[in-house]
Amino acid sequence: MSTIAVIGGTGYAGSSIVKEATSRGHQVISLSRSLPAEPVDGASYVQGTAADAEQIVTGADVVIGALSPRAGTEGTLVATYTNLAELAAAAGARLIVVGGFSSLRPAPGAPRFAEGDLPPEFAAEAREGDSVLTALSTSTPQNLDWLFVSPGAAFGAYTPQGEPRNTYRTSTDVALFDAEGSSAIEGPDFALAIVDEIEKPTHHRSQIHFAY
């Protein structure tokens, strides 16, 4: 089993990953600005910011960044993940970054959604997330095994929550849609996909996409 450090482990994606990984016997340490009201049995929690990440990255096999550019962190994610990449490389850990749907393409070779017109309320966040992917691709240590993970378009606490399906589809940088033209995934199934990838790695220094 792996030791997994989750930066942002009490958010929508992070908390689902903590729960799934712990249920499968991994040792999980979560770092977040506030402690959870309902901690996952078996997980360890550290209160702090991403600037305190070194204390939980040291000794980890996998580091997961589940941060969003919101609530005061806007404009900071590239610097935060650049530092986290250095820490993970020094620790010999794999780095998995939870990104966004807008870093995907509508078709092979097409521009990423983040490069086109986006709704104003989402544009800054989408482009900051895409800048993280660019930084990982161009500026990380060569010995770092990183992965940028994009969920379906409908993903997050703000979306209507359905029942987990215990299934998912996988793509690289091309968006997946169902027969009705929807792209979505629930938090538990996104976490299932990520922990599956941790246990049986299939992609390295690249992007991966999970949706129904």
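Just so it is clear, none of the values below were taken in a lab; they were calculated from the coordinates. Note that this is a predicted model, so its numbers are computed, not measured. Glycine gets a Cβ as well: all are built from the backbone with ideal geometry, and neighbour counts include every protein chain shown.
Against the empirical 2.2 N^0.38 Å scaling, what ratio does the C-alpha Rg of segment 125-212 come to? It is 1.14. Fully extending the segment from VAL46 to THR58 would add 2.9 nm, taking 0.36 nm per residue of separation and subtracting the current Cα-Cα distance. For segment 69-75, 3J(HN,Hα) computed residue by residue from phi via the Karplus equation (6.51, -1.76, 1.60; θ = phi - 60°) reads x, 9, 6, x, 9, 4, x Hz, glycine and proline entered as x.
Our estimate of slack between SER23 and ASN143, defined as 0.36 nm per intervening residue step minus the Cα-Cα distance, is 40.2 nm. Extension gain, SER34-GLN161: 0.36 nm per intervening residue step, less the Cα-Cα distance, totals 43.4 nm. For PHE148, nonlocal amide neighbours, meaning residues 5 or more places apart or on other chains whose placed amide H falls under 5 Å from its own, are VAL97, SER206, GLN207, ILE208.
The distance between label points at ALA110 and GLU74 comes to 2.9 nm (points 7 Å beyond Cα on the Cα→Cβ vector).
Each principal axis of the chain carries a Cα extent, and these read 41, 38, 33 Å when sorted largest first. The peptide list 205-211, 162-168, put in order of mean Cβ contacts within 10 Å with the highest first, becomes 205-211, 162-168.
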